[in-house]
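One structure below.
Derivation of every value follows stated rules applied to the coordinates shown; laboratory data play no part. As the structure is a prediction and not an experimental result, all values here were calculated from the model. All Cβ positions, glycine included, derive from the backbone under ideal geometry; neighbour counts span all protein chains shown.
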Amino acid sequence: MSANAQLSNRIKLAILGFGEAGQAFATGWIGAGLDADLAGFDIKTDAPATADIKRNDYQRVGVAGADSLAEAAAQATAVFSLVTADQAEAAAAAAADVLAPQTWFFDCNSCSPGTKLRNADLLQGRGIRYVDTAVMAPVHPKLHRTPLLVSGPCADEAAEMLQALDMEAKIAGPAIGTASATKMIRSVMVKGIEALTLECVLAGRRAGVDEAVIASLDASMPGWTWPDRAAYNMERATTHGRRRAAEMREVARTVEELGLPSQMSRAIVEWQQRAGDLALDLAGAGPDYATRADRINAALSEAENAAEQGGLS
């Protein structure tokens with residue numbers, strides 16, 4: 001059955017993982033008037049500390065919040081897996097147990113090609129149509145129209161399905177792992193620049209030479225506008241550092257699967273994790289890099305002092 005034939009009737013989409021990306025996709029579909037039923041499930045509804053917050057997210061966005069993956073995916077035409085990278089295999093395994101044959105499974109998680117291949121083997125063995133899907137840009141502001149890259153044996157039909165869902169997708173090739181490899185290898189640079197920004201600018205502020213360093217970077221790299229770029233990179237790392245660290249662990253696996261050393265990727269993991277663990281809201285800290293760097297430096301010092309005190313107790 002072609003994707004267009006499937007979409008001739010009202011369809012049901014299940015969103016597995018209702019964080020930033022899941023909410024963005026749902027918000028975009030609803031705003032575009034997509035004729036579909038949207039259901040969401042997130043494992044945070046299983047935890048008393050986060051259950052109410054997640055249910056409020058479902059209600060605010062306008063999707064039917066489910067209490068289980070099976071409930072969300074019942075009779076679904078397509079499932080979009082948008083969990084954290086470290087939960088991608090568990091999500092695929094859970095989906096394999098409940099999805100009907102011929103259901104589309106768009107594995108949008110930031111995982112290594114090896115992880116995607118294991119997920120594909122499991123789901124395809126149950127007759128589920130697996131698509132290696134890479135989200136190639138931040139989901140804001142484009143929401144459901146954020147550029148996607150897809151690969152796998154049914155990539156052509158999958159791209160047709162995504163187009164019918166008012167999404168932007170390009171085909172990477174017929175092999176599962178091609179889309180994810182593209183995303184993972186790109187992340188070495190993108191997330192690495194964020195980590196380098198943290199180390200460079202925070203050290204510059206502590207040494208009192210940040211203005212000279214930023215000016216030198218601007219002169220060496222015209223068009224990068226380093227004061228703005230530094231402020232943006234620091235906010236992205238502190239806001240999304242934990243998720244980025246999980247992704248970079250998969251990036252390191254990707255590099256190792258290719259037979260290369262992964263020290264750079266693993267160093268990026270450390271900085272992203274450290275920034276995310278600070279749980280700072282830099283979006284409200286002013287737009288300049290210096291203010292944001294000072295907030296991070298102060299939080300790092302506080303965390304270091306607390307760790308030392310804990311070691312003495």
Diffusion coefficient in µm²/s returned for region 89-190 by Stokes-Einstein, Kirkwood Rh over C-alpha pairs, 25 °C and 0.890 mPa s, is 181 µm²/s
In units of 2.2 N^0.38 Å, the Cα radius of gyration of the chain is 1.07
Excluding residues fewer than 8 positions from residue 142 in its own chain, the aspartates and glutamates with Cα under 16 Å of it are 20, 166, 168
For residue 116, the lysines lying under 20 Å Cα to Cα, once residues fewer than eight places off in the same chain are dropped, come out as 170, 183
Computed, not fitted: 222 nm per-residue ellipticity of the chain from DSSP H runs ≥ 4 (each -39500 (n - 2.57)), nearest 500, equal to -19000 deg cm²/dmol
With the convex hull built on the alpha-carbon atoms of region 3-176, volume per residue in Å³ sits at 100 Å³
Relative contact order of region 180-312 (C-alpha contacts under 8 Å, at least 6 apart) in percent is 31 percent
Once normalised by the length of the chain, the mean sequence separation of its alpha carbon contacts under 8 Å that are 6 or more apart gives a contact order in percent of 14 percent
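Determine, for each peptide in 101-114, 24-37, the mean count of other beta carbons within 10 angstrom over its residues, then list the peptides with the highest first.
Working: 101-114: 23.6, 24-37: 17.6.
For the peptides 101-114, 24-37, the packing ranking is 101-114, 24-37.
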Applying the gyration tensor rule to the Cα atoms of region 180-312 (axes a ≥ b ≥ c; rounded if a/c under 1.5, else prolate if a/b exceeds b/c, else oblate), the class is oblate
Those chymotrypsin sites (Phe, Trp or Tyr not before Pro) from region 169-272 that are DSSP loop and have at most 15 other Cβ neighbours within 10 Å turn out to be 224
